[in-house]
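Accompanying notes for the structure given below.
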Amino acid sequence: MPTLLSETTWQKSLAQAIRDPQELISRLNLPEELLEPARKSAHLFPVMVPISYLNRIEPANLNDPLLKQILPIDLENAFVPGFEADAVGDLNVRATPGMLQKYHGRALLMVSGACAIHCRYCFRRHYPYGDEPRTLQEWEPVWQTLQADSTIQEIILSGGDPLLLTDLRFHDLCERIAAIPHVKRLRIHSRLPVVLPDRIHAGLLEMLQRLSEQGTMPWMVIHVNHPNEIAADVEHAIRQLLQAGIPVLNQSVLLKGINDTTETLIALSEKLVNLGVLPYYLHQLDRVTGTAHFEVPEAQGRKLIEELRTRLPGYAVPQYVREIPGEPHKTSLLG
Ligand SMILES: *Cc1c(COP(=O)(O)O)cnc(C)c1O
Ligand code: SF4
């Protein structure tokens, strides 16, 4: 059964991901003095890098834009006023455990606490995932809430990474969602097509296609910050999603020293639209403890977007937004 084989393939790739700071440093030929700070910062948020992603990093290059996304460094321990654990106000909008509803018509489900990569700038690095429902019974209140609220047209799967659910669990989830008549769209926010591209296999695509035949349109939102992340295996995964009729959008985070130049953002947008992926959001960094060194000033972000507008078709320019707790939508930073 090919589906089963592929399920084993991605799970094997996940199992082989680098989790040890020492191994990360030796495989990338990085200076030994980076080990101590990496170990220290990995205590708070462990190292996690799939091999496919590691292969896109240039060895011995301390400025590699992908390395900076995954290597724990000392600056993560700096105390910077204004940066806090729950910067986006997630803990105030948890009506039912497992579910966040901030915006009209959309409910976000935190279906998995795990990720296949640990991005050092992550806004959820302090999120108490241990409090979310785990067993199928524990999810019942979420289904009841969704069933009872006919204003909810779209379910967003997030986490963590929702595609780390096994095919079996994911299939159950799709069945539950397809059974709610007012839910017309399922949006999947996942970094796996980019960091663990073999997750996109025939079995998963079949499930999503079936969902669309049942009247719930699947949308995929991937997360790429730099054009170097789009390697050949990632292109293949994206093409498969598009060929299956699933629209693909991208969101990025504006990150200092990684994608904070016009040239990088243009190259990223061009690579995406040439594949058929629409740049959706460029997020201003959420001010979460341990991430201050990634912050790009808003004024610089605005200037970057203005330059992008003079160089790219309108559809290739992402919306520059930030999340302000209590607002009824993401806030545009273009004024
Ligand atoms: C960002 C977010 C959404 C999605 O917002 P869109 O503007 O529709 O992309 C939905 N729910 C929560 C809790 C969010 O943080
Ligand atoms: S994949 Fe997403 S949720 Fe997971 S660590 Fe990276 S940014 Fe955070």
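The values are calculated or read from the model by the stated rules, or taken from the named source; none is laboratory data. All of these numbers come straight from a predicted model, not from anything done at the bench. Note that we place each Cβ from the backbone using ideal geometry, even for glycine, and neighbour counts take in every protein chain shown. Each accessible area value is taken on the protein alone, full model and side chains, heavy atoms only, with ligands, DNA and RNA left out. Shrake-Rupley method; radii C 1.70, N 1.55, O 1.52, S 1.80 Å.
Numbers at a glance
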{"quantity": "Breaking point among (1) out of contact with any helix residue (DSSP H, G or I) (no Cβ under 6 Å at 6 or more places or on another chain); (2) under 19 Å from His293 (Cβ atoms); (3) not β-branched (Val, Ile, Thr), for Leu54", "calculated": "(2)"}
{"quantity": "Residue ranges of helices (runs of 4 or more DSSP H) in the stretch 43-162 with at least 2 members among the acidic types (Asp, Glu), under 28 Å from Met217 (Cα atoms) and within 13 Å of ligand 1 (Cβ to nearest atom)", "calculated": "none"}
{"quantity": "Any hit, the stretch 87-94, residues being within 14 Å of ligand 2 (Cβ to nearest atom), at pLDDT 95 or above, open to solvent by less than 10 Å² (accessible area, probe 1.4 Å) and of a type outside the set (Val, Ile, Thr)", "calculated": "no"}
{"quantity": "Tally of residues being on the phi < 0 side of the Ramachandran plot, within 13 Å of ligand 2 (Cβ to nearest atom) and open to solvent by less than 10 Å² (accessible area, probe 1.4 Å) across the stretch 271-290", "calculated": "2"}
{"quantity": "Selection within the stretch 176-190 - assigned to a loop (DSSP other than H, G, I, E, B) and either within 16 Å of ligand 2 (Cβ to nearest atom) or in contact with a helix residue (DSSP H, G or I) (Cβ under 7 Å, 6 or more places away or on another chain) (or both)", "calculated": "Ile180, Val183, Ser190"}
{"quantity": "Residue ID - nearest to ligand 1 (Cβ to nearest atom), chosen from residues in the stretch 206-225 that are farther than 23 Å from Lys271 by Cα and either open to solvent by 20 Å² or more (accessible area, probe 1.4 Å) or without any contact (Cβ under 8 Å) to a residue 24 or more places away in the chain (or both)", "calculated": "Met217"}
{"quantity": "Close pairs (8 angstrom Cβ cut-off, 6 or more residues apart or separate chains): among the acidic types (Asp, Glu) in the stretch 312-335, open to solvent by 40 Å² or more (accessible area, probe 1.4 Å) anywhere", "calculated": "Glu323/Lys330"}
{"quantity": "The stretch 302-325, residues that are within 16 Å of ligand 2 (Cβ to nearest atom) and modelled with pLDDT under 95", "calculated": "Glu323"}
{"quantity": "So Leu173, is it within 16 Å of ligand 2 (Cβ to nearest atom), farther than 18 Å from Gln251 by Cα, in contact (Cβ under 8 Å) with a residue 60 or more places away in the chain and not β-branched (Val, Ile, Thr)", "calculated": "no"}
{"quantity": "Options Val49, Val111: the member that is surrounded by 16 or more Cβ atoms within 10 Å (Cβ to Cβ) and in contact with a Leu (Cβ under 6 Å, 6 or more places away or on another chain)", "calculated": "Val111"}
{"quantity": "Residues of the stretch 208-261 that turn out to be of a type in the set (S, T, N, Q), over 23 Å from His171 (Cβ atoms) and more than 19 Å from the chain's Cα centre (by Cα), as a count", "calculated": "1"}
{"quantity": "Filter result for the condition that a residue is out of contact with any Pro (no Cβ under 8 Å at 6 or more places or on another chain) and touching a residue at least 24 places away in the same chain (Cβ under 8 Å), over Val142, Val194", "calculated": "Val194"}
